[in-house]
1. When percent of Cα pairs over 27 Å apart is calculated directly from the model, which label among (i) 40; (ii) 52; (iii) 36 fits?
2. Taking the Cα centre of the stretch 24-162 as origin, work out the dipole magnitude from +1 charges on Lys and Arg Cβ and -1 charges on Asp and Glu Cβ, in debye rounded to 20.
3. In the Gaussian network model of the chain, springs joining C-alpha atoms below 10 Å, which of D151, D223, D212 carries the largest mean-square fluctuation?
4. Provide the per-residue ³J(HN,Hα) series for the stretch 19-30, in order, calculated from phi with Karplus coefficients 6.51, -1.76, 1.60 and θ = phi - 60°, each as a whole number of Hz, with x at glycine and proline positions.
5. Find the accessible area per residue for the chain; the probe is 1.4 Å, ligands and nucleic acids are left out, and the unit is Å².
6. So what does I214 come to for accessible area, using a 1.4 Å probe and Å² rounded to 10?
7. Averaged across orientations, what area in nm² does the convex hull of the alpha carbons in the stretch 19-147 project?
8. Which semi-axes, in whole Å and largest first, does the equivalent ellipsoid of the stretch 26-80 have when worked out from the alpha carbon gyration tensor as the square roots of 5 times its eigenvalues?
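The values are calculated or read from the model by the stated rules, or taken from the named source; none is laboratory data. Because the structure is predicted, anything quoted here is derived from the model rather than measured. Cβ placement follows ideal geometry from the backbone for every residue including glycine, while neighbour counts extend to all protein chains displayed. Ligands, DNA and RNA are excluded from the accessible area calculation, which covers all protein heavy atoms including side chains. Shrake-Rupley method; radii C 1.70, N 1.55, O 1.52, S 1.80 Å.
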Amino acid sequence: MNDTVDLVPHELRTLVVVAEEGGFSAAARRLGTTQSAVSHAVRGIERKLGVVLFERGRYGARPTAAGARAVAHARRILRMLTMLVGETRRAESDSVGGPLRIAAFRSAALHLLPPVLERLTARHPEIEPTVTVVREVGAGTAGEVVEGRADLGIATFGTSSPIPPQLVGDVLLEEPYSLVHPAGHPDPRSLPLVDWLENCSSYTRAWWAAQDWIPTATVHAEDDGAVLSMVGSGFGMGIMPALSLADVPSAVEITDLGPGRPTRQVGYVTTPELAVSAVVRALVRELRGQVKPQFSGV
């Protein structure tokens, strides 16, 4: 079977817009064309690929498994076409610029990225960064890169969250966990545990299981900021990584968990083709420059 298929950019855009809008009529409005033209285009793409890409129904169009994969590839190809144009035009001036889409979990977006992006845009004013905050559960930030919605993801690494095989990346820092509790509490380990969904993954499970003083969480918060607020209000104690503790309220005290404390790795992921782009390389340089001084004492 010949795997070569002649798809053009407007067909790729049609796939992406239909998936994002959830139907042919909404996609047509966004594309400035007719519903029948979009439907005809999708049928033509399906004939070329030899697979059904969308399930049609009264509620719109939903990508099949093949369609979801095609849409992800389409986003990434369209992004590379944009990159081709931008970097080619800037080649003679040796400047770095253009859009840069970043996916990050909450604490990284709040505490790691702002100084990085400040320096990045000071050095390269033509770079236009956007940051999407993504929960680091399930596919997480790496999933945003795989799906073509982000150029680079700030991700946590562990045995349950390895770098997806289609991506490349590296560890930026290894952050320790600490005990957080109401300031001045005489016996913080006796308090109930306040936790949130993103907190504990495989990299800390074994340590948690061996600590008989840690109860099952009885208070579940929306995110790490809510955990700190609840701890500061006296509702319990928490066990949290360093990035979540960059801006701790005065009512919260941090206690080191000792030499056996758990840690988690934080790094970046991107696609092999975007890893060599000027904007992604510039961002990675700034990320490395930020984490070395900030976490050198960890």
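1. Computed from these coordinates, percent of Cα pairs over 27 Å apart corresponds to label (ii).
2. On the way: 20 positive and 12 negative charges, 147 e Å.
In total the dipole reaches around 700 debye.
3. Its mean-square fluctuation being the largest, the pick is D212.
4. 5, 6, 8, x, x, 6, 5, 5, 5, 4, 4, 5
5. Values: 14900 Å² over 298 residues.
With the other protein chains kept in place, the chain gives 50 Å² per residue.
6. 30 Å²
7. Numbers: hull surface 41.6 nm².
It is 10.4 nm².
8. Numbers: eigenvalues 62, 45, 27 Å².
That gives 18, 15, 12 Å for the three semi-axes.
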